[in-house]
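Coordinate-derived values only; no laboratory data. Because the structure is a prediction, the values reported are computed rather than measured.
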């Protein structure tokens, strides 16, 4: 009986394993990771990610890997985490995305906090940016589309009425 159950037991033990990432291949439509499972040689696994969220983890990140049907020839990485960079200390219900540089978007209980880690924040291909509240700026506000002559022309054409030159007669 044990001879009959032995292959089944072995496959069940191989269903879920813990491993360490060695490298990532992100060129295909589904990412692949090379992972070393406990005591085994590195093997490639398909990495499934949540729709709309993607990342390329560094080597050394940890993974939970499943063997489809208990066969090590078909591995899938179910979860990848990296304790070296993970944000900690969040309160219940809070959510964050982050990277290894210290950049993050943190949905706190008090509001959204975006940390740029000293890097620029760019809104790209956004023809209009709308906000319904006040804007507070600690630094300068610069208009990169105007020239000095364009600013002079706006100033020179600006009139408040009353005594003085007639508009358009500058």
(request) With both partners inside the chain, how many of the DSSP beta bridges are antiparallel, as a percent to the nearest 5? (result) 90
(request) Return the label of the correct value of Kirkwood radius over Cα pairs in Å, as calculated from the structure shown, out of (1) 18.5; (2) 17.1; (3) 21.9. (result) (3)
(request) State, as an integer percentage, the relative contact order of segment 57-141 based on alpha-carbon contacts under 8 Å between residues 6 or more apart. (result) 15
(request) Provide the gained length on full extension for the span residue 62 to residue 106, in nm with one decimal, where the gain is 0.36 nm per separating residue minus the Cα-Cα distance. (result) 13.6 nm
(request) Please express the shape of segment 24-63 as an equivalent ellipsoid: the semi-axes are the square roots of 5 times the eigenvalues of the C-alpha gyration tensor, given largest first in whole angstrom. (result) 20, 11, 9
(request) Give the shape of segment 85-133 as rounded, prolate or oblate, defined through the alpha-carbon gyration tensor: a ≥ b ≥ c are the square roots of its eigenvalues, a/c under 1.5 means rounded, and otherwise the shape is prolate if a/b is larger than b/c and oblate if not. (result) oblate
(request) Compute the relative contact order of segment 2-81 as a whole-number percentage, counting only Cα pairs closer than 8 Å that sit 6 or more residues apart in sequence. (result) 32
(message) Given a 10 angstrom Cα cut-off, can you work out which residue in 87, 131, 12 is the most mobile in a GNM of the chain?
(response) 131
(message) If each DSSP helix of 4+ residues adds -39,500 (n - 2.57) and the sum is divided by the residues in the chain, what number results at 222 nm, nearest 500 deg cm²/dmol?
(response) -4000 deg cm²/dmol
(request) Would you mind calculating the gained length between residue 114 and residue 28 on full extension (0.36 nm times residue separation, minus the Cα-Cα distance), in nm to one decimal? (result) 27.9 nm
(message) What does the extension gain come out to for residue 81 and residue 94, with contour length at 0.36 nm per residue minus their alpha carbon separation?
(response) 2.9 nm
(request) Find the relative contact order for the chain and round it to a whole percent, using C-alpha pairs within less than 8 Å whose residues are 6+ positions apart. (result) 13
